[in-house]
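Report on the structure given below.
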Amino acid sequence: MTTLVTPPGAPPVDVAPSAGRSAVRPGILPPPGARQWVPACPVTALVPGRGVAVLLPGGAQAALFLLPNGMIYAVDNLDPYARAAVLSRGLTGDRGGEPTVASPLLKQVFSLRTGAALDDPAVALPTYAVRVQAGTVRIGVPLP
């Protein structure tokens, strides 16, 4: 069983009714609605501070990040400025306590919690719900 450590002040980790299954809710709650939970990878395959691209149903991509504090975030992998699927290769960090990823191409910085571009309030990335079940990271894709 994988255990993620939640730092002080971070949102709680929800434990599902089944033993050994936990749901991780990063930073903010995702919009309500039904989801398809897409298996991404084993949590042990993630390297803190680095991203992984995940192919979603319909051909979309998510950028999945495990931060050094144990939180897992997923945002759209498409850089809205460069129009290239590269955010999974971006640099993680934080700005004023906000977990971020900087595009590897044009260096725009996005919040991993909200998807908002920190220097341009008119631009935001879609974000995805993330959970870990039985050691596998799953991304919640809203159903149409």
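The values are calculated or read from the model by the stated rules, or taken from the named source; none is laboratory data. What you see is a predicted model; the values in this text were computed from it and never measured. Backbone-built Cβ (ideal geometry, glycine too); neighbour counts: all protein chains shown. Surface areas here come from the heavy atoms of the whole protein model, side chains and all, with no ligands, DNA or RNA. Shrake-Rupley method; radii C 1.70, N 1.55, O 1.52, S 1.80 Å.
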Accessible-area composition of segment 47-142, carbon plus sulfur, in percent [1.4 Å probe]: 54 percent
Per residue solvent-accessible surface (Å²) - segment 47-142, probe of 1.4 Å: 44 Å²
Given charges at Cβ of Lys, Arg, Asp, Glu: segment 47-142 dipole, positive-most of 127, 66, 112: 66
Magnitude of the charge dipole, segment 47-142, Cβ model with Lys/Arg +1 and Asp/Glu -1, debye to 20: 260 debye
Distant-in-sequence amide H partners of residue 85 (H built 1.01 Å from N, under 5 Å): 79
In sequence order, calculated HN-Hα J values of segment 92-100 (Karplus, 6.51, -1.76, 1.60; Hz; x Gly/Pro): 8, x, 8, 10, x, x, 8, x, 9
Radius 14 Å from Cβ of residue 54, net charge of other residues (Lys, Arg +1; Asp, Glu -1): +3
Estimated FRET transfer efficiency (residue 143, residue 123; beta-carbon r; R0 22 Å; 0.05): 0.30
For residue 129, distant residues with modelled amide H under 5 Å away: 140
Derived scalar couplings ³J(HN,Hα) [segment 129-144; Karplus, 6.51 cos²θ - 1.76 cosθ + 1.60; whole Hz; x for Gly, Pro]: 5, 10, 8, 10, 10, 6, x, 10, 7, 10, 10, x, 9, x, 7, x
Approximate spin-label separation residue 94-residue 36, in nm, with each point projected 7 Å along Cα-to-Cβ: 3.5 nm
Separation of the residue 114 and residue 47 label points, Cα + 7 Å toward Cβ, nm: 3.1 nm
Nitroxide proxy distance, nm - points 7 Å out along Cα→Cβ at residue 83 and residue 107: 2.4 nm
Summed side-chain charge close to residue 116 - residues other than residue 116 whose Cβ falls under 15 Å, Lys, Arg +1, Asp, Glu -1: -4
Charge sum, other residues only, whose C-beta stays under 15 Å from residue 95's C-beta, Lys/Arg counted +1 and Asp/Glu -1: -2
Ellipsoid semi-axes in whole angstrom, largest first, where each is sqrt(5λ) of the Cα gyration tensor of segment 69-144: 21, 15, 12
